[in-house]
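The values are calculated or read from the model by the stated rules, or taken from the named source; none is laboratory data. Every value quoted in this text rests on a predicted model; they were computed, and no experiment measured them. Positions of Cβ are backbone-derived with ideal geometry, glycine not excepted, and every protein chain shown enters the neighbour counts. Accessible surface is based on the protein model in full, side chains and every heavy atom, while ligands, DNA and RNA are left aside. Shrake-Rupley method; radii C 1.70, N 1.55, O 1.52, S 1.80 Å.
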Amino acid sequence: MSREIVRPLVALIGRPNVGKSTLFNRLTGSRQAITDELPGVTRDRLYGTCEWDGYELTIIDCGGIGPESEDPLWQPVADNARQAMHAADLVLLITDARTGMTLSDDAVVKELRRLDTPVIVAVNKVDAEVHEAEAYQFYGLGYQDVVFISALSGRAINDLLDLMVARLVWDKWPRATPAFAPQRYGGAPEPAVTTGAAEPAEADLDAEELGDYPFAWAQEDRPRFISDESWRQESIQLVFVGRQNVGKSSLTNALLKENRALVSELAGTTRDPIWAEFEHDGQRYEVLDTAGIKRLSRLKEDVDYYSLIRAEQGLRTSEVALLTLDAIEGIVEQDKRVAAKIAEFVRAVVIVVNKSDLLEEGDAMRRVYESYVRGELGKLGWAEVIFTSATKTRGLPRLLEAAGRARENFHRRIDNQALRMVLEEAIALSPPPVVKNRELRFFDFRQIGNCPPTFLIEVNDKKLMRLAYRRFLYNTIRKHFDFTGTHIEVVYYVKKRKRRK
């Protein structure tokens with residue numbers, strides 16, 4: 001579904017722990033929102049697309065309005081939900097049949113009555129007919145549209161969706177109606193992909209050879225090339241990653257020029273990943289703000305674990321990881337662990353030193369600090385280091401420019417003939433050592449994939465390849481070809497000799 005289609009906004013509003021996130025996941029057909037029995041899990045607004053009978057709607061999951069969660073951030077969470085309530089074209093007031101009407105429900109209703117927005121009351125946790133008697137009390141709220149549902153089991157969700165479609169005036173969103181469904185779902189075909197050598201004229205590796213590739217990835221995730229340049233017209237996909245309280249959400253808000261993500265001094269404020277789009281100098285961007293990454297041994301609650309899993313999923317599907325550091329606290333062990341996690345998913349990287357306005361002014365100080373960062377994060381020495389200040393909105397254009405360069409190199413394809421010439425010359429000048437009277441021989445060099453750039457080196461015996469010489473060849477590729485800002489991979493492969501019949 002195209003994200004450029006304008007759809008009606010449907011906000012899920014209610015007090016904490018009535019099942020808003022469960023209903024959000026049900027309506028969007030996803031597991032985007034974290035759900036837990038603990039009240040107040042959701043803090044930020046989450047957006048997802050719902051399709052029903054040819055109509056498309058944007059669903060907004062919000063934090064609860066009310067103090068039941070005992071969350072220290074319940075007041076800003078409620079204010080965040082109110083923003084969605086005022087922006088919505090339709091409000092679903094979610095209530096809990098098992099607990100009945102509460103003072104918080106009444107308080108939410110009083111706020112809704114000040115708006116002209118249509119409201120549907122969705123009485124949740126009505127898992128069977130025996131529970132309906134408990135739900136009839138919600139007709140006392142004075143709304144005509146009341147639906148008894150179970151977000152967990154899916155009971156009466158179809159009735160709710162029919163009512164949602166009926167209560168919206170679709171003249172405002174014509175492209176989200178069934179009349180435009182053929183254009184939405186029958187668009188251009190997906191970009192074709194091919195596997196094998198970068199040069200189409202060269203023979204691809206056969207299936208038997210592919211089966212012996214020493215890749216850690218699954219069969220369908222092997223290196224491949226995007227066969228066209230369509231990615232240049234797509235949004236640049238950014239994801240903020242880092243430990244807790246380094247300013248990822250503040251940077252997200254600064255880029256969006258709005259308070260989209262909840263910000264506080266409390267560590268671990270962000271739980272659900274927050275996705276948004278924006279444009280800068282004619283270039284579209286998608287940004288994902290993720291929860292701070294902690295060590296598994298320090299995850300105290302299930303919510304923290306699910307936040308970590310979703311942060312890793314966001315990192316896996318992004319193009320450019322923005323590794324965010326705290327300029328005042330410097331680099332700690334957890335920053336190095338996050339860098340290792342980025343390396344595990346072999347993404348493009350920009351190192352973001354946030355809160356740099358608190359450092360001493362001057363280029364000399366920044367050069368010293370950059371040298372310190374590169375020394376501590378030695379394996380990311382090829383990544384650009386950008387100094388930013390989210391509160392003062394400094395360094396953001398330079399950050400986006402660096403992300404664009406990193407993404408360009410993440411997709412880069414080089415000429416295989418040039419690669420062979422460079423590596424053959426390097427090997428001739430610095431041949432590998434002889435191991436146990438055996439000489440390491442090289443048969444071919446070529447790029448076999450991008451995103452990240454991946455190179456294949458065919459040898460007679462991988463056991464003869466010492467670690468130091470692997471590093472030498474890796475550094476030779478980086479020295480002669482511009483892969484600034486992105487991981488690259490070098491795969492060593494022993495080509496099987498075909499037996500004579």
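A few remarks follow.
- Filter result (touching a residue at least 12 places away in the same chain (Cβ under 8 Å), farther than 23 Å from Glu319 by Cα and not in a helix (DSSP H, G or I)) within segment 349-366: Lys355, Leu359
- Some residue of segment 103-110 being more than 25 Å from the chain's Cα centre (by Cα), at pLDDT 85 or above and not in a helix (DSSP H, G or I): no
The rows are residues; the columns are (1) farther than 20 Å from Phe483 by Cβ; (2) open to solvent by less than 10 Å² (accessible area, probe 1.4 Å); (3) aromatic (Phe, Trp, Tyr).
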residue	(1), (2), (3)
Arg316	yes, no, no
Leu322	no, yes, no
Gly330	yes, yes, no
Glu333	yes, no, no
Ala340	no, no, no
Glu344	no, no, no
Val349	no, yes, no
Glu360	yes, no, no
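- Of all the listed residues (Ala122, Ala97), the sole one being under 13 Å from Val18 (Cα atoms) and in contact with a His (Cβ under 6 Å, 6 or more places away or on another chain) is Ala97.
- Residue tally, condition part of a helix (DSSP H, G or I), open to solvent by less than 30 Å² (accessible area, probe 1.4 Å) and within 22 Å of Glu258 (Cβ to Cβ), over segment 388-423: 4
- Check on Gly54, open to solvent by less than 60 Å² (accessible area, probe 1.4 Å), modelled with pLDDT under 85 and touching a Pro at 6+ places or on another chain (Cβ under 6 Å): no
- Residue match in segment 424-432 (condition: open to solvent by less than 10 Å² (accessible area, probe 1.4 Å) and not in a helix (DSSP H, G or I)): no
- Among the residues of segment 132-141, some residue qualifies, meaning at least one is among the acidic types (Asp, Glu) and surrounded by 17 or more Cβ atoms within 10 Å (Cβ to Cβ).
- Of residues in segment 273-299 being assigned to a strand (DSSP E or B), open to solvent by 20 Å² or more (accessible area, probe 1.4 Å) and modelled with pLDDT under 90, the one farthest from Val338 (Cα to Cα): Glu277
- Boolean, Asp204 is open to solvent by 50 Å² or more (accessible area, probe 1.4 Å), among the charged types (D, E, K, R), at pLDDT below 90 and within 19 Å of Phe24 (Cα to Cα): no
- Some residue of segment 367-387 being of a type in the set (D, E, K, R), assigned to a strand (DSSP E or B), open to solvent by 70 Å² or more (accessible area, probe 1.4 Å) and modelled with pLDDT under 95: no
Table: residues versus (1) small (Gly, Ala, Ser); (2) under 18 Å from the mean Cα position of the chain (by Cα); (3) in a strand (DSSP E or B); (4) modelled with pLDDT under 90.
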| site | (1), (2), (3), (4) |
| --- | --- |
| Asp228 | no, no, no, yes |
| Arg232 | no, no, no, yes |
| Leu238 | no, yes, yes, no |
| Asn245 | no, no, no, yes |
| Ser249 | yes, yes, no, yes |
| Asn259 | no, no, no, yes |
| Ser264 | yes, no, no, yes |
| Gly268 | yes, yes, no, yes |
